[in-house]
Amino acid sequence: QVQLVESGGGLVQTGGSLRLSCAASGRTVSSYSMGWFRQAPGKEREFVAVSSIMSAYADSVKGRFTISRDNSKNTVYLQMNSLKPEDTAVYYCAAKTGPLRVTDDTAYTYWGQGTQVTVSS
C-alpha cells in the first residue's frame, strides 16, 4: 500500500506561484509513475502532469507547471507559476506502477486526499 499526502495549496493572485508537495509513505515510489490531476467544481477530474520514464503535461499547463521528484524524500512536487483563475481546483496526487496510460486517472491505484488551489482574479 502507498499513502499519499498533498500539501501546499492555498489562495494566490493571478500570476502568482505555488508549489504542491506529495509525500508518499508505505513504499518507495521511485519506480512508480506519479501524476497530478485536478478537479474544478462541476467538472471532471483532468490530467495535469506526470513523472514517469519521462515527464508530460497537459497543454493547458505546459510551460507554466513543472513536475519533479525527490526520491530521497519519497516526494513529488508540482511547481505552478503564472497561475490563472482557470487553474482553480482541488489538486490530487496519484501513483501507479508502470509507464502506460499515465494520463488516464482510471489507471492510477493510489490517491491522496487533495489540496485546494484557488487563484483570484
Spot the failing condition for VAL5; the list is (1) touching a Gly at 6+ places or on another chain (Cβ under 9 Å); (2) assigned to a strand (DSSP E or B); (3) surrounded by 17 or more Cβ atoms within 10 Å (Cβ to Cβ), and only one is missed. (3)
Whichever residue in the stretch 104-121 is over 11 Å from the mean Cα position of the chain (by Cα) and surrounded by 17 or more Cβ atoms within 10 Å (Cβ to Cβ) and, among such residues, is farthest from PHE37 (Cα to Cα): VAL119
Does SER82 count as touching a residue at least 24 places away in the same chain (Cβ under 8 Å), assigned to a loop (DSSP other than H, G, I, E, B) and of a type outside the set (Val, Ile, Thr)? yes
Looking at this structure, is ASN81 over 17 Å from GLN116 (Cβ atoms) and open to solvent by 50 Å² or more (accessible area, probe 1.4 Å)? yes
Name the residues in the stretch 26-59 that are within 27 Å of GLN13 (Cα to Cα), part of a loop (DSSP other than H, G, I, E, B) and open to solvent by 60 Å² or more (accessible area, probe 1.4 Å), would you? PRO41, GLY42, LYS43, GLU44, ARG45, ASP59
Going through the stretch 1-44 one residue at a time, which ones are within 17 Å of ARG64 (Cα to Cα), over 15 Å from the mean Cα position of the chain (by Cα) and of a type outside the set (Ser, Thr, Tyr)? VAL12, GLN13, GLY15, GLY16
Just checking, does the stretch 62-70 include any residue being over 14 Å from GLY114 (Cα atoms), part of a strand (DSSP E or B), open to solvent by less than 50 Å² (accessible area, probe 1.4 Å) and of a type in the set (Phe, Trp, Tyr)? yes
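The values are calculated or read from the model by the stated rules, or taken from the named source; none is laboratory data. On a predicted model such as this, the values are computed, not experimentally measured, just so you know. In this analysis, Cβ positions are derived from the backbone assuming ideal geometry, glycine residues included, and neighbour counts consider all displayed protein chains. Quick note on the areas: whole protein, heavy atoms, side chains included, nothing else; ligands and nucleic acids left out. Shrake-Rupley method; radii C 1.70, N 1.55, O 1.52, S 1.80 Å.
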